[in-house]
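Student: Sharing a structure, written as structure tokens. Questions coming.
The values are calculated or read from the model by the stated rules, or taken from the named source; none is laboratory data. These figures come from a predicted structure and were not determined experimentally. Using ideal geometry, Cβ is built from the backbone for each residue, glycine included, and neighbour counts are taken over all protein chains shown.
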Amino acid sequence: MKASDFRVCPNCGTRNKSKWEFCAKCGESLQEVPLGDAEAPAAAVVAEDEAAELPGRTIAGFLAALAVAIGVFFAFRNPPAPTSPAIFSAPTVPPSLPEPAPEPAKPTGRAEYEAGLKRLNQNDPAGAVPLFAQAVAADSQSALYRHAYAVALFQSGAREASLPEYRAALSLDPDNTTYRLNLGKALAKMGLNEEAARELTAILSREPSNAEALQQLGRVSAATGDKAGAIDSLRKIAAMRPGDAVAQQELAVALEQGGDLEGAKGVYAQVLGKNPDAHITRGLLAEVIYRQGDGEQAVGIMRQGVQAFPQAPLLHRGLASMLERTGKVEEAVAEYREYARLAPDSADARQLKERAEKLEKKTASGS
């Protein structure tokens, strides 16, 4: 081999042909090795003819060396990611716990409350009382149960026993207008007007337009003799409910009791104009007119009612009274007897029938 036609492997000293890129013996790269390098040791030199005699072995070695070189290159170029120490540790297993025992159902009293409400709606407050009592025993902090219990007690006649329950419900739910209003009503019906007025006033301080509270306060004021207070409250409710004949009539009564006969007359007349069959209102209007000194007009108001509603006992009784007071005794006797005929079972039927007989005898005797 010519001096310029070979390369000496810098690793093992083997002489390789100049065209070879890797050492035929160890696979070392020869690309940077110059031609005709220094003489390699004799023991490490592969004769040119020996290399020629073993072409298959040389090529196999070359390919093996090439694979090793490529593997080393990529190994150092992309080093493998470090192994996580977690793969050498045992997985964490959650501790085994016993199944939780089911909690016992707490009595809520809901079933008893609903059963009591059904009884109450069936107009059976006495039957509702024990059911509501059971509901309260199951949940004494339920304002709903306490209030329902109070209502049932009151309606069943146990009025005194109802007051603590009304108050308990209100203490649990102090902003509940219904609870406070019903307590006020109960107090008023029991004659505890001062306490009732406090509860109703408390409602109106927050809800000035609460019509029911106004109406109740007007009634309480009238019952306590506070005529001005009654008129004020009832005038407000009448303005809020112009079509409510009861509210209008209560205002007229308050005006009459307060001495305002003309005001009362006007309101009574308005109610009667809208409700011709309001027999009580007709009688009250006739009374106001009579008090104003116009007996004939009062009689005329009652006659109109009897003519329009001849089967109404109340109108016959009112007309009889008005006729008697205006000196028309014979007509009064006939109207008293007609009343007793139309309402034989009424509480005063016998009494007024006897009065008719006395008036008739008195007239006959001329005294």
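Student: For the condition farther than 29 Å from Lys227 by Cα, surrounded by fewer than 22 Cβ atoms within 10 Å (Cβ to Cβ) and not aliphatic (A, V, I, L, M), what is the one hit in Glu330, Glu335?
Tutor: Testing whether each residue is farther than 29 Å from Lys227 by Cα, surrounded by fewer than 22 Cβ atoms within 10 Å (Cβ to Cβ) and not aliphatic (A, V, I, L, M) leaves just Glu330.
Student: Every residue in segment 151-206 that is in contact with a Pro (Cβ under 7 Å, 6 or more places away or on another chain) and not in a helix (DSSP H, G or I), please.
Tutor: Result: Ser156, single match.
Student: Can you tell me which residues in segment 288-309 are within 18 Å of Ala245 (Cα to Cα) and free of Cβ contacts under 8 Å to residues at least 24 places away in the same chain?
Tutor: none
Student: Shifting gears a bit: Taking the options Gly283, Gly293, name whichever one is out of contact with any helix residue (DSSP H, G or I) (no Cβ under 9 Å at 6 or more places or on another chain) and in the same structural domain as Pro313 (by TED's automatic domain parsing).
Tutor: Every option except Gly293 fails the conditions.
Student: Next question, about the same structure. Could you grab me the full set of residues in segment 343-367 that are basic (Lys, Arg), in contact (Cβ under 8 Å) with a residue 12 or more places away in the chain and farther than 18 Å from Gly318 by Cβ?
Tutor: The one that is basic (Lys, Arg), in contact (Cβ under 8 Å) with a residue 12 or more places away in the chain and farther than 18 Å from Gly318 by Cβ: Lys362.
Student: In addition: When you scan segment 103-118, do you find a residue that is closer than 24 Å to Arg206 by Cβ and either surrounded by 14 or more Cβ atoms within 10 Å (Cβ to Cβ) or of a type in the set (Ser, Thr, Tyr) (or both), even just one?
Tutor: Taking every residue of segment 103-118 in turn, none turns out to be closer than 24 Å to Arg206 by Cβ and either surrounded by 14 or more Cβ atoms within 10 Å (Cβ to Cβ) or of a type in the set (Ser, Thr, Tyr) (or both).
Student: Something else now. Restricting to segment 247-267, name every residue that is of a type in the set (Gly, Ala, Ser) and either over 41 Å from the mean Cα position of the chain (by Cα) or surrounded by fewer than 15 Cβ atoms within 10 Å (Cβ to Cβ) (or both).
Tutor: Across segment 247-267, the qualifying residues are Gly258, Gly259, Gly263, Ala264, Gly266.
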